[in-house]
Amino acid sequence: MEKVRKRITFYGRVQGVGFRYHARFAADRYGLTGWVKNEYDGTVTMEVQGDEADIDMMIGDLCSDRYITIEEFKSKTLPVDEEERRFRVVG
């Protein structure tokens, strides 16, 4: 399976609801790497890489959380970072 890397910005009720930590645990579950952080405008930005199907499952997990409300997300494909080994919460 070919690895992909995506930068995703999430809009909605995504801060103050455990989004970043939920994302980290989901990334670990699916073997994904990258990072997630809160932005000053109330959104959350994530760069995540791995198998595209696993990324989709991670996003599905985030959408199904009872405290998180994702109204919209925008995704952009980026070059894969071959040196990255884990998923972390930053900022």
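Read-outs: derived from the displayed coordinates by stated rules, not from any lab. Bear in mind that the values here come from a model prediction, so they are computed numbers and not experimental data. Don't worry about glycine lacking a Cβ; one is built from the backbone with ideal geometry, like all the others, and counts go over all protein chains shown.
Out of region 1-38, which residues are among the aromatic types (F, W, Y) and out of contact with any strand residue (DSSP E or B) (no Cβ under 6 Å at 6 or more places or on another chain)?
If the condition is that a residue be among the aromatic types (F, W, Y) and out of contact with any strand residue (DSSP E or B) (no Cβ under 6 Å at 6 or more places or on another chain), then Y21, F25, Y30 are the ones that fit.
Hey, can you tell me all the residues within region 7-58 that are of a type in the set (K, R) and under 15 Å from R88 (Cα atoms)?
R7, R20, R24, R29, K37
Please determine, by comparing only the residues of region 20-32 that are touching a residue at least 40 places away in the same chain (Cβ under 8 Å) and in contact with a helix residue (DSSP H, G or I) (Cβ under 7 Å, 6 or more places away or on another chain), which one is surrounded by the most Cβ atoms within 10 Å (Cβ to Cβ).
A23
Looking at (1) over 15 Å from G12 (Cα atoms); (2) touching a residue at least 60 places away in the same chain (Cβ under 8 Å); (3) under 13 Å from the mean Cα position of the chain (by Cα), can you tell me which one L78 breaks?
That leaves (3) as the condition not met.
Please tell me if V48 is out of contact with any strand residue (DSSP E or B) (no Cβ under 6 Å at 6 or more places or on another chain), farther than 15 Å from T69 by Cβ and surrounded by 14 or more Cβ atoms within 10 Å (Cβ to Cβ).
In short, no.
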